[in-house]
Amino acid sequence: MEILEISNLSLSINGSHILNNLSVKFEKGLVHAVVGPNGAGKTTLGFAVMGIEGYTEYTGDILYKGESLASMNIYERAKKGITLAWQEPARFEGLTVENFIKSSIKNKGRDVVEDALEKVGMNPDEYMLRAVDKGLSGGERKKIELASILAMETELVILDEPDSGIDVASLQNIFSAIKFLKSNGSTVILITHSLEVLKRAEHAFLLCHGTIIAEGSINKISKYFGGKCIPCDHKNIPEE
Amino acid sequence: MSVEELIKAAGIHEAVNDKNTGRLIINRDKVVDSNVIPGLVIDAKEIKDGVDINFILKENTIIENPVHLCFGVTDKEAIQKIIMNVDIRKNSKISLIAHCVFPNAVDVKHIMDAKVKIGKGSKYSYFERHIHNEEGGIVVIPKAYIDLEENSRFKTEFELLRGRVGTINIDYEITCGKASVMEMTTRINGRGNDYINIKESGNLVGERSRGVLTSKIAVRQNAKANIFNRMIATGDYARGHVDCKEIIQDNAVAKAIPIVEVRNPKARITHEASIGSVDSKQLQTLMSRGLSEDESVELIISGLLS
């Protein structure tokens, strides 16, 4: 059963065609990966699903549980059960880690915040009262953002380059968090160009120049992506 | 009754009941309560429409507990003028928390005129928190001249986050002697037709003196804010930084006029300012967590002003 169905999606930014008649279905409850080289349109696809400003003027349709998202803003999409973690998380001057995470879980207590931080390998005593600002590294903010998503317990989670800025030791925390999301019933879309991240998915799509050019098992997409796609300079004409 | 109202609004029950904590409570032009602790001299004289205070901390006196000052007006209409001469003598340390509480103000003017001298090697911290009502019928005019002697430290925070601002016109000037350090932070949340005018000036005169002026202002609806921050460095190796952040929403208008002036090639001042709406990425991140746009803006502003 699909949780997300995208049909004939085209989106241009500043006159450049980023997504070209893209169609794809994401099965509920799986960890999916959308892989592709830089500039393929992976992040644009994630932003279009989330309804990020500047990414909503598309043709085609995005259906979430059979309902079109076209007229919904980000808040409404989040209320429906969609969320997104940015490749480079925002900084919030003065906003504590505790309040940042609490904001996404309104009626849940401090223990949920602590638990979420622990799941991404962060010591709550050390981080709860720190501000989510330039005093934290990009990797720390990335883990805090992921913690806020874990605490949300939402249905569809889009993680844009979840390993970006993360040190080797923390990478396992990220992978554990992905596992937790899966075990908790969430559908996960990993947007990545990393083979290491791709391995954590159960099903993958290969995106090139705004179009899905292949899909299937991790092995299949991994071989294709690693063997042909990465060294390729063909400008979106996949070789068979 | 009015004293209890002030204490309740200021939230200083514990300080009032602790004999080891210094305090001075003024309602309009009357000294209604005080507790002077060893090393501290407070001479408060009632004058027309206010109180004239001489505040002295003796040499080599360290006061650990913050001393609480409460400058309040429980009347609807009043003028309150506070004249303060603060003399922190050498090698001493004190922290003051000033609660400026105007729970019923409809037409109240609160004027503060302070002269502060921080003696050699002393540390003085002054946190001023204003608690206003939702009427906006108040005019606040704090003016202070602060003089820092060698190796002294001065830290002040001005906070007006609860209730409507009304009109505020801050005018502070600080002169830093050799190796002295000053930090001045102002945090104000304006809305309605509030008017905020801030003039802060730091003079880094002494060799190796350091200073930071920070303004964090949020204005919404039809509020207006003008921030004039001025830092001048003349001393050898003086270091200064001016930081102004203003968030505007709706029809509000914010203006920042920073002046950084360096008169010594061995000195340096840096400056950063940002004025604008809430950052789009911050807003969209919070909205993607299920907060409405208004809730997101509120959270971002509360963080900035925290």
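Side notes on the structure shown:
- For the protein assembly as shown, the alpha-carbon coordinates run over 91, 54, 42 Å along the three principal axes, in decreasing order.
- Between the range B:112-167 and the range B:188-266, the C-alpha centres lie 15 angstrom from each other.
- Among the trypsin sites (Lys or Arg not before Pro) within the range B:242-306, those in coil by DSSP and having at most 15 neighbouring Cβ atoms inside 10 Å are B:Arg263, B:Lys266.
- Working note: Debye formula, equal point scatterers on the alpha-carbon atoms of the range B:44-150, no solvent; log10 I(q)/I(0) at q = 0.11, 0.14 Å⁻¹ is -0.38, -0.59.
- Within the range A:10-66, the ratio Rg/Rh, alpha carbon atoms throughout and Rh by Kirkwood, equals 0.95.
- Full-stretch length increase - B:Asn17, B:Asp49 - with 0.36 nm per residue and alpha-carbon distance subtracted: 8.7 nm
- Neighbour cut-off at most 16 other Cβ (10 Å), DSSP loop, GluC sites (Glu not before Pro), the range A:25-81: A:Glu53, A:Glu57
- Charge-dipole axis of chain A as Lys and Arg at +1 and Asp and Glu at -1 on Cβ define it, positive-most pick from A:Ser68, A:Leu159, A:Asn123: A:Ser68
- Here the residues A:Leu146, B:Leu40, ranked from fewest to most Cβ neighbours within 10 Å of their Cβ, fall in the order B:Leu40, A:Leu146.
- Crossing angle, helix A:110-119 versus chain A [Cα axis fit, 0-90 degrees, rounded to tens]: 50 degrees
- Relative contact order %, chain B, counting alpha carbon pairs below 8 Å whose residues are six or more apart: 10 percent
- Entries in B:Lys48/B:Lys109; B:Lys109/B:Lys216; B:Lys199/B:Lys224 that, when Cα-Cα distance is taken, lie over 20 Å: B:Lys109/B:Lys216
- Computed about its Cα centre, the charge dipole of the range B:3-279 is approximately 760 debye, with only Lys, Arg, Asp and Glu carrying charge at their Cβ.
- Cβ charges +1 (Lys, Arg) and -1 (Asp, Glu), total dipole of the range B:79-182, debye: 520 debye
- C-alpha long axis of helix A:138-152 to longest principal axis of chain A, angle in °: 90 degrees
- Each of B:Gly50, B:Asn20, B:Tyr145 was placed along the dipole of the protein assembly as shown (beta-carbon charges, centred on the mean Cα), and the one lying farthest toward the positive end is B:Tyr145.
- Each listed q (0.14, 0.15, 0.16 Å⁻¹) maps to a log10 I(q)/I(0) for the range B:3-279 from the Debye sum over equal C-alpha point scatterers, namely -1.00, -1.12, -1.24.
- Sparse packing (at most 10 other Cβ atoms within 10 Å of the Cβ) combined with a DSSP loop state is found for the following GluC sites (Glu not before Pro) in the range B:76-158: B:Glu134.
- Pairs of Cα atoms farther than 20 Å apart, the range B:198-302, %: 50 percent
- Cα-centre dipole for the range B:1-65 with unit charges at Cβ (Lys and Arg positive, Asp and Glu negative), debye to 20: 60 debye
- Summary of the geometry: the range A:179-211 and the range A:70-93, compared by the centres of their Cα atoms, lie 18 Å apart.
- Treating r as the C-beta distance of A:Lys65 and B:Asn193 and R0 as 60 Å, the FRET efficiency rounds to 0.80.
- Placing dummy labels 7 Å off each Cα toward the beta-carbon, the span from B:Glu64 to A:Asn107 is 4.5 nm.
- Where the alpha-carbon atoms of chain A are placed on the principal axes, they occupy 53, 39, 35 Å, in descending order.
Each reported figure results from applying straightforward, stated rules to the coordinates on display, with no laboratory input. Quick caveat, the model's predicted, so the values are computed rather than measured. Cβ atoms come from the backbone with ideal geometry, glycine included; neighbour counts cover every protein chain shown.
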